[in-house]
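Down below is the structure, laid out as structure tokens.
Values in this text are rule-based calculations from the coordinates and carry no lab data. Note that the structure is a prediction, hence the values are computed from the model and not measured. Methodologically, a virtual Cβ is constructed for each residue, glycine included, from the backbone with ideal geometry; neighbour enumeration extends over all protein chains shown.
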Amino acid sequence: MFQLILEQALNGLQFGLMLFLLAAGLTLVFGIMDCINLAHGSLYMVGAYFVAAATQAADSFWIGLAVGVAGAAILGLLLELALFRRLYQRDHLSQVLATFALILIANETVRAIWGPAALMLNPPEALAGPVEIGDFFYPAYRLLIIAFGIAIAGLLYLLVAKSRVGMWVRAGAANREMTEALGINVRGLFTAVFVFGAALCALAGGLLGPLLAVQVGMGESVLILAFVVIIIGGIGSIRGALVGSLIVGTVDTLGRALLPTLLRATLPADAASTLGPALASILIYLLMAGILFFKPQGLFPARA
Amino acid sequence: MAFYRPASWQKPLSLLLLCAALALPSALAAFGQEFYIGFATRVLIFALAASSLNLVLGFGGMVSLGHAAFLGAGAYAAAICQQAGINEALLAFPAAMGIAGLFALVVGAISLRTRGVYFIMITLAFAQMAYYLFISARSWGGDDGLPLNGRMTLAGFSLADDAALFYAAAGLLALAMLFFGRLAEARFGRTLQAIRENETRMEALGYPVFRYRLVAFALGGAVAGLAGALLANLTGLASPNLLQWTQSGTLLVMVIIGGVGYLYGGVVGAAVLLLLEESLVGVTEHWHIILGLLLLAVVLFAPKGVAALFGKRRG
């Protein structure tokens with residue numbers, strides 16, 4: 001039982017860190033530019049496809065990951081210059097419509113190029129097996145993702161909290177007009193943040209690729225989770241995104257693994273088998289509704 | 001935005017459209033295109049659903065990204081009614097409206113505490129909860145949905161014939177549009193639109209802002225439930241896919257293309273989107289790309305929607 005909980009807690013941590021990579025870009029685009037980007041999940045999907053295709057071509061996971069992330073960053077740059085620039089000043093409704101259209105285009109383009117079947121992406125061979133810690137086994141690749149996630153979260157923290165660019169970003173999130181008035185090139189900053197967010201998406205997509213199937217529509221489910229994360233954390237706050245990701249990742253993973261067992265111990269088997277999976281999948285939404293009920297601005301509001 | 005006022009040509013045009021609708025099934029039958037009666041019914045039903053969202057979004061100013069939950073709730077309520085032996089639409093449809101409206105009342109009571117983006121997201125969260133609940137409810141079919149055993153009867157007349165269901169949908173849509181039109185001009189609608197324009201001011205004037213919004217939200221949910229019950233009759237299935245968030249997104253898209261806050265925005269949007277889909281499917285397998293590009297064009301070049309190209313509103 002203890003081993004199961006430990007394993008699931010590590011899985012939750014790993015999932016939470018990957019969610020953070022997605023949520024970090026989303027919360028900045030949202031917080032600074034006040035732009036709802038439903039197509040953020042599509043960048044994640046396209047990034048995963050780029051990584052998978054580049055890995056197949058180069059026959060090396062690491063080269064594939066680098067090329068795929070670079071490709072997604074370039075795509076992000078083109079999107080920002082061509083479309084998102086025009087959307088920042090518009091109302092939320094227009095942004096929802098435009099990015100919804102992008103989802104349609106992205107899904108169908110990917111289907112046209114790579115076909116409807118899921119792509120297989122193998123982890124690097126050296127990491128394919130499990131790692132043995134005492135009598136506890138855990139897949140090496142998952143450990144690597146955790147290490148990667150912690151490293152990037154730390155890097156992002158330093159970048160946002162300690163660097164000059166990070167200061168501009170935070171200033172932009174707190175008060176855009178004032179930041180502009182102080183002579184910061186907010187337009188350029190927007191582009192940089194958007195491209196950075198796209199690269200993080202592709203990184204998450206590429207890293208998760210070997211664990212999940214790389215397929216059309218993979219972006220939508222994860223997009224909703226990323227939105228839940230940034231709402232819980234407070235829009236525009238990197239710290240909130242980190243805390244929110246870890247909460248959502250752990251609660252979701254542990255809930256799915258343990259709730260059915262717990263319910264079976266307390267309820268009649270019939271009710272437990274119906275209620276268990278349902279409750280497990282709505283747990284994070286309940287959590288979000290509860291947090292919004294008591295803190296309508298999320299846990300760490302950026303505009304305090 | 002300005003207050004809604006019907007254009008002078010709106011009434012004659014509505015009557016003309018209604019007459020055209022009445023003649024449509026026989027016209028299609030005459031040309032041997034009965035297949036399209038089902039399609040036309042779909043358009044009417046989605047026009048009803050989009051119009052109910054337009055009440056919430058256009059007149060109430062509440063951007064809800066969870067409206068499909070009420071559509072789905074209505075569809076399931078109808079299917080469950082039939083399972084319980086109620087095959088009469090005069091009983092089942094009001095039940096579906098009641099269930100969906102009650103659901104919307106609860107969702108609204110919690111969601112309306114938040115503002116802006118948070119409201120968008122919390123309505124989405126509730127819709128997702130409903131989606132997962134229906135997916136895992138095995139007694140209601142789970143993933144596969146809950147099938148209907150044939151269509152219901154309306155006041156004793158069977159809806160099994162495609163034309164009969166078409167007339168039922170057309171009649172209900174006409175009633176709903178009449179109701180929404182009167183509502184938009186009535187004191188309730190005026191207050192609602194004033195709240196959309198300046199919430200703080202209405203609050204200061206002593207209007208119970210929260211209650212007005214909540215009533216509008218619940219009303220929108222109830223009408224969406226009616227659309228859901230009709231849809232279940234059309235497709236013969238209450239499917240969890242109806243509650244997917246992309247369905248909520250599609251409804252939003254319909255209202256936005258049609259024109260937010262124009263009485264016929266939802267109707268125009270549903271017709272335009274579904275007709276586009278239907279005609280693009282024949283052109284290419286990858287018609288989603290073309291649809292997406294067209295939507296982008298609407299955002300960039302016709303930001304107020306198609307209805308805005310024709311309608312006028314008092315400034």
Sorted by chain and number, the residues with a modelled amide H under 5 Å from that of A:Val131, at a separation of 5 or more or across chains, are A:Tyr138, A:Ala140
For the stretch B:153-160, in residue order, the Karplus 3J(HN,Hα) values (coefficients 6.51, -1.76, 1.60; θ = phi - 60°; whole Hz; Gly and Pro = x) are 10, 10, 6, x, 7, 6, 9, 4
So the number of lysine pairs in the protein assembly as shown with alpha-carbon atoms under 30 angstrom apart, 8 or more residues apart or on different chains, is 4
Rounded to 0.05, the calculated FRET efficiency for the beta carbons of A:Trp114 and B:Glu34 at R₀ = 41 Å is 0.55
Scalar couplings 3J(HN,Hα) for the stretch A:23-33 by Karplus 6.51 cos²θ - 1.76 cosθ + 1.60 (θ = phi - 60°), nearest whole Hz, x for Gly and Pro, are 5, 4, x, 5, 5, 6, 4, 5, x, 7, 9
For B:Leu237, the residues 5 or more places away or on another chain with a placed amide H closer than 5 Å to its own amide H are B:Leu148
Going residue by residue through the stretch B:190-201, the Karplus relation 6.51 cos²θ - 1.76 cosθ + 1.60 with θ = phi - 60° gives ³J(HN,Hα) values, rounded to whole Hz and with x marking Gly or Pro, of 4, 4, 4, 5, 5, 5, 4, 6, 8, 5, 4, 5
Ordered by number, the trypsin sites (Lys or Arg not before Pro) in the stretch B:102-163 that occupy a DSSP loop and have at most 15 other Cβ atoms within 10 Å are B:Arg113, B:Arg115
With +1 on the Cβ of every Lys and Arg and -1 on the Cβ of every Asp and Glu, the dipole magnitude of the protein assembly as shown about its Cα centre, in debye rounded to the nearest 20, is 2220
Output for the stretch B:199-297: GluC sites (Glu not before Pro) sitting in coil per DSSP, at most 12 other Cβ within 10 Å, listed by number, reads B:Glu285
Helix-only [θ] at 222 nm, chain B, -39500 (n - 2.57) per DSSP H run of 4+, per residue, nearest 500, equals -23500 deg cm²/dmol
In terms of the charge dipole of the stretch A:2-294, which places +1 on Lys and Arg and -1 on Asp and Glu at the beta carbon, the residue among A:Val46, A:Ala171, A:Leu93 farthest towards the positive end is A:Ala171
Expected max-MSF residue from A:Gln14, A:Gln56, A:Gln95 in the GNM of chain A (alpha carbon, under 10 Å) is A:Gln56
With +1 on the Cβ of every Lys and Arg and -1 on the Cβ of every Asp and Glu, the dipole magnitude of the stretch A:2-294 about its Cα centre, in debye rounded to the nearest 20, is 660
Among A:Phe136, A:Gly31, A:Cys201, the residue whose Cα sits farthest towards the positive end of the charge dipole of chain A (+1 at Cβ of Lys and Arg, -1 at Cβ of Asp and Glu, taken about the Cα centre) is A:Gly31
